[in-house]
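Down below is the structure, laid out as structure tokens.
The values are calculated or read from the model by the stated rules, or taken from the named source; none is laboratory data. None of the values given here were measured: they were computed from a predicted structure. Every residue, glycine as well, gets a Cβ built from its backbone with ideal geometry; the counts of neighbours run over all protein chains shown. Ligands, DNA and RNA are stripped out before the accessible areas are found, and what is left, the full protein with its side chains, is counted by its heavy atoms. Shrake-Rupley method; radii C 1.70, N 1.55, O 1.52, S 1.80 Å.
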Amino acid sequence: MTDGDDTLRMLADAARGFGDFDAKRLRAMREEPPGYDRTRWRAMAEQGWLSILIDEADGGLGLGIDAATTIAEELGRASTVEPFVAAGVMVPALLSGLGARRIGDDNLAALLAGEAIAAIAWQSTTGSIEPTDTAVMAKGANGGYLLTGESRFVPVADADAYFVVGKSGDDLAIFYVPADTEGLVRQPEPTADGGYLAWLSFNGVHLPPSACLADGRNAADALTRALDLGVLANCAELLGIMDRALEMTLEYLKVRRQFGQAIGSFQVLQPRAVDLWMKKQVPRHALDAAIRTATSPDVPARARTIAASSAKARAAEVAHLMINECIQLHGAIGYTDEHDLSLYANRVLAIAPFLGNAAEHLRRYGNLKDQSGVSA
């Protein structure tokens, strides 16, 4: 057993104890902005989870994506709605690629302490996950920058700041934009699990030169890495949901009785349960392989992206299949909102499309493999 294994086990134990499933809490927050609990977010920061991907020199833990996915999976098992993947994995991953202190020591400290929360805004209204499809334009103005355009599907509607991806000429650029910046308009959009995304409009947003954190190749590389690691954490969260949904279903099959016996003894249902367990192993092995690729020092960035798409294509597809089958195996009660399985079903509907659905990642996986010949 390695020190790394011990660390991951301790993280999993801590997350499992922290993230106990609480249906009453989850239902109380539905459709009540912001759709998650800021107090709980600060408690997650106290555990050190928001610092996992930040270097120790910048006040972080300096751990890897395997640690972050361990936390994400346990939070998925509890159907936790706090935006750990979007704000606790992707933002720190982006900062570690850009230089965490570029946003200022006070802003960095606030993010790592959970006193402030930030999100990355890069998607256009088409929903494309490719950074080059951003619809935000950045032009030089008055010694700084002027942002115009829109960004949609931003994962934290009430964030205190956004890392906005825009086009500056032919290059990508990343800007740090506080939420109260004049000219920035936010429109919340509800999600299936009762949370909210943001639709951002940049109506002539003026920024100082220091707001540009990176441009050109540096911006593209840092963003691509943050998106890849976010995909892996998203897969882990989906796996946690699948694990718990299947456990709930197997428990139900043992106690629900018809014709004087548990329905789990019916021969027609047993193969379906086994088939679900087997299907669940496919995205788990794909994620494990993708994590190994992402943490290998000499693997090119494109191979990391290919591996991430391979894992997400499988995880998103199986998550939808799993939750549908679990609902069917519960019978009529599985279709009701009152049953706790509904919270997991709605969570899948909300996060499986995040960072690209199964079809989009399958297409990207095929295209990248054709272009490079790299095996995931």
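Structure above, values below:
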quantity: Cross-chain or 6+ apart pairs with Cβ under 7 Å, segment 221-242 first and under 13 Å from F84 (Cα atoms), then among the charged types (D, E, K, R); calculated: V231/K312; N234/K312; C235/K312; A236/E73; E237/E73
quantity: Filter result for the condition that a residue is within 21 Å of V91 (Cβ to Cβ), modelled with pLDDT under 95 and either of a type in the set (F, W, Y) or out of contact with any Gly (no Cβ under 7 Å at 6 or more places or on another chain) (or both), over D228, D160, D193, D180; calculated: D193
quantity: Qualifying residues in segment 109-157 (those that are at pLDDT below 95 and among the acidic types (D, E)) - the one farthest from the chain's Cα centre (by Cα); calculated: D133
quantity: Pairs with Cβ under 7 Å, 6+ apart, first in segment 284-305 and farther than 28 Å from I241 by Cβ, second of a type in the set (S, T, N, Q); calculated: V299/T293; A301/T224; R302/S372
quantity: Qualifying strands (runs of 3 or more DSSP E) (wholly inside segment 70-176; at least 1 residues being basic (K, R) and either over 26 Å from S51 (Cβ atoms) or open to solvent by 30 Å² or more (accessible area, probe 1.4 Å) (or both)); calculated: 135-141, 144-154, 161-168
quantity: Tabulated pairs, segment 310-326, first closer than 15 Å to F354 by Cα, second hydroxyl-bearing (S, T, Y) and crowded, with 24+ Cβ neighbours inside 10 Å, C-beta under 7 angstrom, 6+ apart or interchain; calculated: none
quantity: Filtered residues of segment 212-240 (kept if over 10 Å from the mean Cα position of the chain (by Cα) and open to solvent by 10 Å² or more (accessible area, probe 1.4 Å)); calculated: C212, A214, D215, G216, R217, N218, A220, D221, T224, R225
quantity: Subset of segment 1-45 [of a type in the set (S, T, Y) and either in contact with an Asp or Glu (Cβ under 6 Å, 6 or more places away or on another chain) or outside any helix (DSSP H, G or I) (or both)]; calculated: T2, Y36
